[in-house]
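Read through the structure below, which is laid out as structure tokens, and then see the notes.
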Amino acid sequence: MMDMSFQMFSGRNYPLDQVLKTVAGAGYKYVEGYGGLDYASTDGGLGGLYGDLPGLKAKLDANGLTMPTAHVGLDLLEQPERALAINEALGTTVFMCPWLSPEQRPTDIAGWQAFGERLAKLSAPFTKAGITFGYHNHDFEFAMLPDGRYPMDVLLEAAPDIYTEADIAWIYRGKADAFAWLEKFGKRIVAVHVKDIAPAGENLDEDGWADVGYGTLPWKDLLNHVKAKTAARYFVAEHDNPNDLVRFATRSIATVNSFGV
């Protein structure tokens, strides 16, 4: 049976204690954190899930969960001495830059190359600390560039020593060939997001996402492909806007377990 993780952003609208209890009860082994300075409190503490690291560690321990991977905002990554507090408190060993806000996104090949080079430089203190550093995609990194490459390709080629967490549903929303892309960069994919896309016109109150196995993506084939063609060690269930936390958490892990992959 595959050990599953749960992206805590999926539960951001629910009380933390309820989320952790639900996740542990459903059979997840890990959680994946999120946060950055844009979530930070006025007293200078870290934001998002990281606002109280000792308290979070205690809650994880109480529920038999660990946090091996984390989304860490670009603003926080640029202050590595603060970001490393997550590793020190929780033992987290994979940091992923989770996204770029619209005003930060490059608009051409040179811009994406420069952003890749920026990530390469940012990775240095984390790599030195034994942390795997990388970038997590959305759909905009798969808008074809004039030379036939994806922005995600340019980024990774400009930063040959960083890794990536493949959000496969976003790759589909970007209209790219997920199977081909996963194989192309397989050795650099250390984690994947496992989430689903609802049929067109459905689940509009959940931004068009679905519980894993209740949407349109061929997840059994995808997971077999990921295990055969990539270096992924972590499989993270995610739903960007679930209106029923328990339903999403329990149905999604049940679907993955039913595959026997």
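The values are calculated or read from the model by the stated rules, or taken from the named source; none is laboratory data. This is a predicted model, so every value here is computed, not measured. For neighbour counting, all protein chains shown are included, and Cβ atoms are generated from backbone atoms with ideal geometry for every residue, glycine included.
For Glu141, indicate whether it is among the charged types (D, E, K, R), over 18 Å from Trp181 (Cβ atoms) and in contact with a helix residue (DSSP H, G or I) (Cβ under 8 Å, 6 or more places away or on another chain). In short, no.
The rows are residues; the columns are (1) farther than 22 Å from Ala166 by Cβ; (2) part of a loop (DSSP other than H, G, I, E, B); (3) of a type in the set (Gly, Ala, Ser); (4) at pLDDT below 95.
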site	(1), (2), (3), (4)
Phe6	no, no, no, no
Leu20	yes, no, no, no
Ala24	yes, no, yes, no
Val31	no, no, no, no
Asp38	yes, no, no, yes
Leu46	yes, yes, no, yes
Thr69	no, no, no, no
Asn87	yes, no, no, no
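Residues considered: Ala178, Ala124. Of these, the only one that is closer than 15 Å to Thr230 by Cα and among the small types (Gly, Ala, Ser) is Ala178.
Going by the conditions given, is Ser252 in contact (Cβ under 8 Å) with a residue 12 or more places away in the chain, part of a helix (DSSP H, G or I), of a type in the set (Ser, Thr, Tyr) and touching a strand residue (DSSP E or B) at 6+ places or on another chain (Cβ under 7 Å)? Against the criterion (in contact (Cβ under 8 Å) with a residue 12 or more places away in the chain, part of a helix (DSSP H, G or I), of a type in the set (Ser, Thr, Tyr) and touching a strand residue (DSSP E or B) at 6+ places or on another chain (Cβ under 7 Å)), Ser252 qualifies. Scanning segment 61-92 for residues that are out of contact with any helix residue (DSSP H, G or I) (no Cβ under 7 Å at 6 or more places or on another chain) and more than 20 Å from Leu156 (Cβ to Cβ) gives Asp61, Ala62, Pro68, Gln79, Glu81, Leu84, Asn87, Glu88, Gly91.
Considering segment 126-155, the residues that are surrounded by fewer than 22 Cβ atoms within 10 Å (Cβ to Cβ) and aliphatic (A, V, I, L, M) include one that is farthest from Asp240 (Cα to Cα), namely Ala129.
Condition check ((1) touching a Gly at 6+ places or on another chain (Cβ under 9 Å); (2) surrounded by 20 or more Cβ atoms within 10 Å (Cβ to Cβ)) across all residues:
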| residue | (1), (2) |
| --- | --- |
| Val212 | no, yes |
| Trp219 | yes, yes |
| Lys229 | yes, no |
| Val261 | no, no |
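Taking the listed residues Gly91, Gly116, Gly111, the one that is within 18 Å of Gly33 (Cβ to Cβ) and among the small types (Gly, Ala, Ser) is Gly91, with no other qualifying. Looking across segment 81-119, the residues that are surrounded by fewer than 18 Cβ atoms within 10 Å (Cβ to Cβ), under 22 Å from Phe142 (Cβ atoms) and among the aliphatic types (A, V, I, L, M) come down to Leu100, Ile109, Ala110, Ala114.
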